[in-house]
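Here, each number is a calculation from the coordinates, and none is a lab measurement. Given the structure is predicted, the values throughout are model-derived calculations rather than measurements. Because the Cβ atoms are built from the backbone with ideal geometry, glycine has one as well, and the counts that use them run over all protein chains shown.
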Amino acid sequence: MYKTEYIKFAKYSKINDKEYLMKKLILIGVVASFVIAFGSCKPKQSAYKSIYEAAKDREMDDNTISTTDDEVASVSKPATSPSYSSSTESVRKEKVEPVYESDANNLKLYSVVVAAMAMKPGAESLKQRFTNDGYNVILARNEQGMYRVIVASYESKEQAVAKKNEILNNYLSSSDIATLKSRYGIPFNDWWILQREY
């Protein structure tokens, strides 16, 4: 009788050992699956951040001034700001519509664009900065969904170019390009004239 009970216990024990091992293997498999699944779902922000930082480094390298031991470089504002005549000013043609109906009458054929932005909140923020400086800013959107931040709009190219030069001269007479870029978040040497297509 003792022998039969031992055999039953041994069989039962082997079954429990097998179940235990199966449960353990399943648990290890589930844990490994979670590690693989959630380990590869890291936010892509780090990839974007590294690209952004590399671009910033390249920009900084482009803007650095090389000096030797014998000379010291100094940065000063140019005596005059660059200005363009209307005959040499390049024009980009786009079909744009005002974002706000209240700006429909103010959006003319030629406009001074200070920035092109993909996101409306960024365009709104920039609009507010220039509005605080006293400009009647218009937000327009092109067919691709890009927002154009416009500080002046006229029926003639000559008027638009003259206003662009006037506004740039006002800003550049009060500060340098690097300071303006850090304050407004846009390059002040990349403004352009938009010719509206209908």
- Collect the residues in the stretch 143-188 that are crowded, with 17+ Cβ neighbours inside 10 Å, closer than 18 Å to Glu94 by Cα and not basic (Lys, Arg), keeping them in residue-number order. Tyr147, Val149, Ile150, Val151, Ala152, Ser153, Tyr154, Ala160, Val161
- Task: Select, from Ile138, Ile186, Ile167, Ile150, the only residue that is in contact with an Asp or Glu (Cβ under 6 Å, 6 or more places away or on another chain) and either of a type in the set (S, T, N, Q) or in contact (Cβ under 8 Å) with a residue 40 or more places away in the chain (or both).
- Result: Ile138
